[in-house]
Amino acid sequence: MKLYLTALGCRLNQAEIESLARQAVAMGCRIVETPAEAEWAVINTCAVTHVAARKSRQAIRRLRRENPSLRVAVIGCYGEVSPDEARALGVHLVLPNAAKERLLERLLGEAPLDAPPSAPASPPPGGRTRAFVKVQDGCDNRCAYCIVTVARGASRSRLPDEVLADIRQRLGEGAQEVVLSGVNIGAYGRDRPGEGPLLASAGWGLARLVRHILEETAVPRLRLSSIEPWDLGEELLSLWPHPRLCRQLHLPLQSGSDAVLRRMARRATVADYRHLVDAVRRRVPEMMLSTDLIVGFPGETEADFQQTLALVEELALARLHVFRYSPRAGTAAARMEGAVAPDTARQRSEALIALGEAQALAYHRRFVGSCVQVLFETAATHEGVAGWSGLSDHYLRVWAPSDGDLHNRLVMVRCLAADADGLRGELA
């Protein structure tokens, strides 16, 4: 069977689709690069916002346009919360998140997962530069705006040995960076009775898992995906500055107003967040800090928004992910009064995006004149000059000229210029 695999949304979706690719190859499937070549397409969808759901629908329609005879299987959060809507798009299979691990059995006619491959099992194409490894799924938080808890269920952690085996496989395939992914990785090990391996009783949490990976593997770079502020404790923070632990943290704030945070049912106050940022910078002054922000949440006043704007400017965060609130059926916020006018939400979003671009530029300029290690990913030209683009351990996009093949190589680059998108430099 020839399969085309694609994912939208979060790093967890990407981790799941990469794991599915390896499983498919082991079962004798062939992973192809375009929908035109495929018999089946599998799309791991997102529904965290109305925009994400719309992009999922568009991607499904695009697959069917590119290959009218293609059979399409929908998994992920959009398929979970809107299965009938997904089926109406003409797809052949919609599986809920709880059943996605049995997807290949369905596609292959209930073939056992340990069936011998009909072709040599080799790593699927792509994805070898940075490996997204799933360590956890689901979430026990009850943020008022979030549909993910409904779509993904309670927090569930993978066993450390499973995570380690996955990482070693990816390193053997050539990955130079591993990204630990999940819905709420800060909750790793705290599974509730009856819903997981109860790792907490054995002393396992995210900090111990990270330390275990660094001690038991030679992973060149280890990166953490998004962590809720209340989950970044001293034990985890003490692991920096480990030379192989990337100096980047994504800490969702959502609002700079305590009144809005209370309505959102967030578990951290503005003072908590400010204290955490100070603690991080005392330990690692150059840490790249990014955050999520929601504007237009029900009841958000102009004063609330100005508090957010002032706090973000004060903290000088390096990157902002700004979202306009969109009500999701089944969430507490969808029943709240005080809707913010769309034009007002748009203006607030634009103001935060502009501030974010200015702060990104200021952060990038700090590296001009210094050398950073870059994991190069793709060939790219700049102003007609051939070169390569990649990421520093601070998660900064860096371009450098080169006629050689730098794919999947860790190379030192001297930074010469900066803009809001990243840095340009020369091989050091």
Item to complete: Test THR301 against the criterion of being farther than 22 Å from VAL51 by Cα, among the polar types (S, T, N, Q), at pLDDT 95 or above and touching a Gly at 6+ places or on another chain (Cβ under 7 Å), and give yes or no.
Response: no
Item to complete: Filter the stretch 392-428 for residues that are hydroxyl-bearing (Ser, Thr, Tyr) and either surrounded by fewer than 15 Cβ atoms within 10 Å (Cβ to Cβ) or closer than 19 Å to GLN248 by Cβ (or both) and give the result.
Response: SER392, TYR395
Discussion item. Please determine whether any residue of the stretch 217-233 is more than 28 Å from THR269 (Cβ to Cβ) and either exposed (fewer than 15 other Cβ atoms within 10 Å of the Cβ) or of a type in the set (Lys, Arg) (or both).
Written reply: yes
Discussion item. Of a type in the set (Lys, Arg), touching an Asp or Glu at 6+ places or on another chain (Cβ under 6 Å) and at pLDDT 95 or above: is that true of ARG247 in this structure?
Written reply: yes
Worksheet item: Which condition does THR344 not pass, out of (1) surrounded by 14 or more Cβ atoms within 10 Å (Cβ to Cβ); (2) among the β-branched types (Val, Ile, Thr); (3) within 27 Å of the chain's Cα centre (by Cα), if it passes all the others?
Response: (3)
Discussion item. Can you find, within the stretch 225-244, the residue that is farthest from LEU206 (Cα to Cα) among those that are of a type in the set (Asp, Glu) and within 20 Å of the chain's Cα centre (by Cα)?
Written reply: GLU228
Discussion item. Report every pair of residues separated by at least 6 positions or lying on different chains whose Cβ atoms are under 9 Å apart, first residue within the stretch 297-310 and on the phi < 0 side of the Ramachandran plot, second of a type in the set (Lys, Arg) and surrounded by 15 or more Cβ atoms within 10 Å (Cβ to Cβ).
Written reply: PHE297/ARG263; PRO298/ARG263; GLU300/ARG263; GLU300/ARG348; GLU302/ARG348; PHE305/ARG348; THR308/ARG348; LEU309/ARG348
Worksheet item: Being surrounded by 20 or more Cβ atoms within 10 Å (Cβ to Cβ), under 17 Å from the mean Cα position of the chain (by Cα) and on the phi < 0 side of the Ramachandran plot, is that true of even one residue in the stretch 188-204?
Response: yes
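The values are calculated or read from the model by the stated rules, or taken from the named source; none is laboratory data. The structure displayed is predicted, hence computed values, not measured ones. Here the Cβ is made from the backbone with ideal geometry for all residues, glycine too, and neighbour counts use every protein chain on show.
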